[in-house]
Amino acid sequence: MPTTLRSLTLALLLGGLPLGASAQAAETLIDDLESDHHTLRLERIAAGLEHPWSLAFLPDGDLLVSERPGRLARIDQAGQISRLEGVPEVSTRGQGGLLDLALHPRFGDGKHDWLYFTWSQPGSGGSATTLSRARLGDDSLSHIETLFEQGRFSAPGRHYGSRLAWLPDGTLLMSIGDRGREPSRAQDGGDHAGSVLRLTDTGGVPPDNPFVDDAAVLDELFTMGNRNPQGLTVAQDGTPWSTEHGPRTGDELNRLVGGDNYGWPIVSRGNNYATNQPIGRDSAPGMRDPVHVFDGRFAPSGLVEVSGDTFTAWQGHFLAGGLASERLIRLALEGDEVVEHEVLLEGEIGRIRDVRQGPDGTIYLLEDATNGALYRLTPVAP
């Protein structure tokens, strides 16, 4: 794969967008990365991030990045990093820490200027996936409110899920993993583990949630039977999608339908870690099958549907990031059938934790590492 010598360049960012114009300092790593439809440029915008987990775009052009040890970084238009005070004390055991970020859909109107974030809250018995929101100051968070706390604190420190995505009606989806020790929790309607929740913007239960009339299932649940969804996005047509970790292989792309059961651990395309033998069945009545199962040990994290005119040939396609695989994969679907599958990156930037499309239409990627970095993919004009 052709590469160029690393050189410092300035790349214009967010030109002509509704959220304001800005520029980010960028170091070009590859300037002629060929894909099926576009030639791509890979740039590094900022380095020195410790296990970055999520990314949010501020109206002034600055970027927010959560770092798993419990720090919130702000990256300005020159690529300089500062850390904000006021982040709650997080549990950093295993996969825990400060996790996903999301701005309120009406952020910037003065009334709804809330930053939402998920985190692993320490407590008696271990930790719990928690949702909070806060006001964002120049150098700190304030007015922090806890909106949702997983009903059961538990060990070990893994499978928090924790992705957030806003639906068109203003409700918020939040994923919670099965917490890694008792897979059967994902089939227990009285347990938040192994589910996707649907909440109001204040953490309440929407009255039309699918299980509100079912006494055996918690009102917050939108779906159940999910192992550990770490990719979550809402497509332009309003349909939510997730990428979900299987056990040893069996990683899934799922169309999320309220009220449906996604099978884990009764249904799985993955294998036992110790024996490498299949876990459960491939399919079962009353349980929704995945739309796509990724090859090998993909380890998904981060998912976005491409929109706009920046990547003209990718409109409506999904980009999914991979951790252990170090891959960025493009998937084009017709209905529930994958008609195009392309590996765009494989090892060029390491473990991909998050994938976002910026307000200018370019693609931003976070590298999960002790000295992680923020990258950007842009199309190269023919």
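Values computed for the structure shown
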{"quantity": "Cα coordinate range in the chain, projected on the principal axes (Å, largest first)", "calculated": "57, 46, 37"}
{"quantity": "Using a Förster distance of 35 Å, the FRET efficiency for Asp208-Ala274 (Cβ separation, nearest 0.05)", "calculated": "0.25"}
{"quantity": "Among Gly316, Gly204, Gly189: highest mean-square fluctuation, GNM of the chain, C-alpha pairs under 10 Å", "calculated": "Gly204"}
{"quantity": "Approximate spin-label separation Thr39-Gln236, in nm, with each point projected 7 Å along Cα-to-Cβ", "calculated": "2.6"}
{"quantity": "Per-residue HN-Hα couplings for region 118-128 [Karplus 6.51, -1.76, 1.60; θ = phi - 60°; Hz; x = Gly/Pro]", "calculated": "9, 7, 8, 8, x, x, 4, x, x, 8, 9"}
{"quantity": "Charge-dipole axis of the chain as Lys and Arg at +1 and Asp and Glu at -1 on Cβ define it, positive-most pick from Leu303, Gly70, Trp53", "calculated": "Gly70"}
{"quantity": "Residues of region 50-131: accessible area per residue with a 1.4 Å probe, Å²", "calculated": "36"}
{"quantity": "From phi via Karplus (6.51, -1.76, 1.60), per-residue ³J(HN,Hα) for region 69-74 in Hz, x at Gly/Pro", "calculated": "x, x, 10, 10, 9, 10"}
{"quantity": "Percent accessible area from carbon and sulfur atoms, the chain, protein chains only, probe 1.4 Å", "calculated": "46"}
{"quantity": "In nm, spacing of pseudo-spin labels at Asp113 and Arg83 (7 Å Cα→C-beta vector)", "calculated": "2.5"}
{"quantity": "Near-label residues of region 237-254 by backbone N, under 16 Å of a point 7 Å along Cα→Cβ of Glu334", "calculated": "none"}
{"quantity": "Over the chain, relative contact order from alpha-carbon pairs under 8 Å, at least 6 apart, %", "calculated": "13"}
{"quantity": "Local net charge near Val212, Cβ-Cβ under 15 Å (Lys/Arg +1, Asp/Glu -1)", "calculated": "-4"}
{"quantity": "Glu50-Arg152 pseudo-label distance in nm [points 7 Å out on the Cα-to-Cβ vector]", "calculated": "3.2"}
{"quantity": "Per-residue ³J(HN,Hα) for region 282-296, Karplus 6.51 cos²θ - 1.76 cosθ + 1.60, θ = phi - 60°, Hz, x for Gly and Pro", "calculated": "6, 7, 7, x, x, 10, 7, 6, x, 6, 8, 10, 6, 6, x"}
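The values are calculated or read from the model by the stated rules, or taken from the named source; none is laboratory data. Computed from a predicted model, the values in this text were never measured in an experiment. No Cβ is skipped: glycine too gets one built from the backbone with ideal geometry, and neighbour counts run over all protein chains shown. With ligands, DNA and RNA removed, areas are computed over all heavy atoms of the protein, side chains included. Shrake-Rupley method; radii C 1.70, N 1.55, O 1.52, S 1.80 Å.
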